[in-house]
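Colleague: Encoded as structure tokens, here's the structure I'll be asking about.
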Amino acid sequence: MRAVARATSFDEHVALYRPRLKPGQRFVGITAARLWGLPVPLPWSPAELLELAVPSTQGPPQTQGVHGRRLAQGRSTTWKLRGLPAVSPEAACFSTAALLSADDAVVMLDALVTTSLNYPGLAPRRPLSTLAQITEQLSVWGRFPGSARIRAALPLARLGVESPKETQTRLAIRAAGLPEPVVQYEVRVGGILIARNDLAYPELRIAIEYEGDGHRTDRTQWRRDIRRQRELEDLGWIVIRLTEHDLHDGLASFLTRIRRAIATRTAH
């Protein structure tokens, strides 16, 4: 039994194993999810096992550093990602489901169905899947580890999401008992696009914007954000901005700001 050489990155990890791939083998589970660029909640580490699927008629590989599993051919077509065989995006999600929390499952489903070209890390094809395709594949797969979580998450998936943090923000707002905001709402005046808000309550003119590190370190983006906020405020919008800190240690304060904004708009 030979071990896979130690890698320093995920890309190097799969590249090192590539010469050992045999006909019928394809990447599945967390390995396939990473190849598709899906938002996996666990950071990659050199100790992470490569996951390989083989047809039901073959024995799984016994190589150290590899977790093999059998997967019926009818459960997934085979795709080539970076020249590597992998299961479909739906199968990548399903075969990773056991590792996902309820919120993680919604995040991954949002990534699968997004049409946004701005979503970080995803494979170029957009969308990777559709709600109809996911539903169809769920019926084909039936029960599997984590299947109940995927089925519960599916009604919460939204089209057009641009980042995992956007999904996490929306879910945090829902969990607090607040109305669910609209995803990627466009504000137009006379047909001219003024802003596209990450999340919004259009009828109340409240915009919620997640600010990643790119907004802070990119001077041009930072200036654009400031200009857009001023334009929205000139139109009577309340703009609530949040960062990674607000999703964790500052969540209560962030949710309080939303409640106050809603109360201000609904007071008579």
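The values are calculated or read from the model by the stated rules, or taken from the named source; none is laboratory data. This one's a predicted model, so the numbers in the text were calculated from it and none came from an experiment. Glycine gets a Cβ as well: all are built from the backbone with ideal geometry, and neighbour counts include every protein chain shown. For accessibility, only protein heavy atoms count, side chains too; no ligands or nucleic acids. Shrake-Rupley method; radii C 1.70, N 1.55, O 1.52, S 1.80 Å.
Colleague: Please list 11, 225, 104 from largest to smallest accessible area, probe radius 1.4 Å, with all protein chains kept in place.
Modeller: Values: 11 85, 225 5, 104 40 Å².
So the residues, ranked largest to smallest area, are 11, 104, 225.
Colleague: Further question: Kirkwood hydrodynamic radius, the range 27-107, all distinct C-alpha pairs: what's the number in Å? Intermediate results must be reported in sequence, preceding the final value.
Modeller: Working: mean 1/r = 0.0770 Å⁻¹.
Computed over Cα pairs of the range 27-107, the Kirkwood hydrodynamic radius comes out at 13.0 Å.
Colleague: Would you mind working out the accessible area per residue for the chain, using a 1.4 Å probe, and quoting it in Å²? Don't jump to the answer; show the numbers that get you there.
Modeller: Numbers: 13550 Å² over 268 residues.
Each residue of the chain exposes 51 Å² on average to a 1.4 Å probe.
Colleague: Please work out whether the range 194-268 counts as rounded, prolate or oblate from its C-alpha gyration tensor, where a ≥ b ≥ c are the square roots of the eigenvalues and a/c under 1.5 means rounded, while otherwise a/b larger than b/c means prolate and anything else oblate? Intermediate values should be presented prior to the final figure.
Modeller: Numbers: a/c = 2.72, a/b = 1.22, b/c = 2.23.
Oblate shape, in that a/c is at least 1.5 and b/c is the bigger or equal ratio.
Colleague: Through the Karplus equation 6.51 cos²θ - 1.76 cosθ + 1.60, θ set to phi - 60°, convert the phi angles of the range 132-144 into ³J(HN,Hα) values in whole Hz; use x for Gly and Pro.
Modeller: So the J values, rounded to whole Hz, are 5, 5, 5, 4, 4, 5, 4, 5, 5, 6, x, 8, 7.
Colleague: Same structure, new question: Can you compute 3J(HN,Hα) from phi for each residue in the range 94-106, using the Karplus curve 6.51 cos²θ - 1.76 cosθ + 1.60 with θ = phi - 60°, rounded to whole Hz and x for Gly and Pro?
Modeller: Result, rounded to whole Hz: 4, 6, 9, 4, 5, 8, 9, 7, 4, 5, 4, 5, 5.
Colleague: Can you figure out the FRET efficiency of residue 178 with residue 230, using R₀ = 30 Å and their beta-carbon distance, to the nearest 0.05? Mind showing how you got there, number by number?
Modeller: Details: r = 26 Å, r/R0 = 0.86.
The computed FRET efficiency comes out at 0.70.
Colleague: Give a residue-ordered list of calculated ³J(HN,Hα) values for the range 222-236 (Karplus: 6.51 cos²θ - 1.76 cosθ + 1.60, θ = phi - 60°; whole Hz; x for Gly, Pro).
Modeller: Listing the rounded values in order: 4, 5, 5, 4, 5, 5, 5, 4, 4, 5, 5, 5, 5, 8, x Hz.
Colleague: In addition: Round to a whole number: what % of the accessible area of the chain belongs to carbon and sulfur, probe 1.4 Å?
Modeller: Values: 7180 of 13550 Å².
Its accessible area is 53 percent carbon and sulfur atoms.
Colleague: Quick one: check the C-alpha center-to-center distance for the range 200-261 versus the range 27-47, whole angstrom.
Modeller: Value for the Cα centre distance between the two parts: 31 Å.
Colleague: Moving on to the next point. Given an 8 Å cut-off on Cα distances and at least 6 residues of separation, report the relative contact order of the chain as a percent.
Modeller: Reported relative contact order: 12 percent.
Colleague: Pull up all non-local amide H partners of residue 209: gap of 5 or more, or a different chain, and H-to-H distance under 5 Å with H placed in the peptide plane.
Modeller: Result for residue 209 returns 240, 241, 242.
Colleague: For Cα pairs less than 8 Å apart in space and 6+ apart in sequence, what is the mean separation divided by the residue count of the range 1-139, i.e. the relative contact order in percent?
Modeller: Values: 202 pairs, mean separation 33.2, N = 139.
Relative contact order of the range 1-139: 24 percent.
Colleague: How long is the chain along each principal axis, judged by its Cα atoms, biggest number first, in Å?
Modeller: Result for the chain: principal-axis Cα extents of 71, 40, 37 Å.
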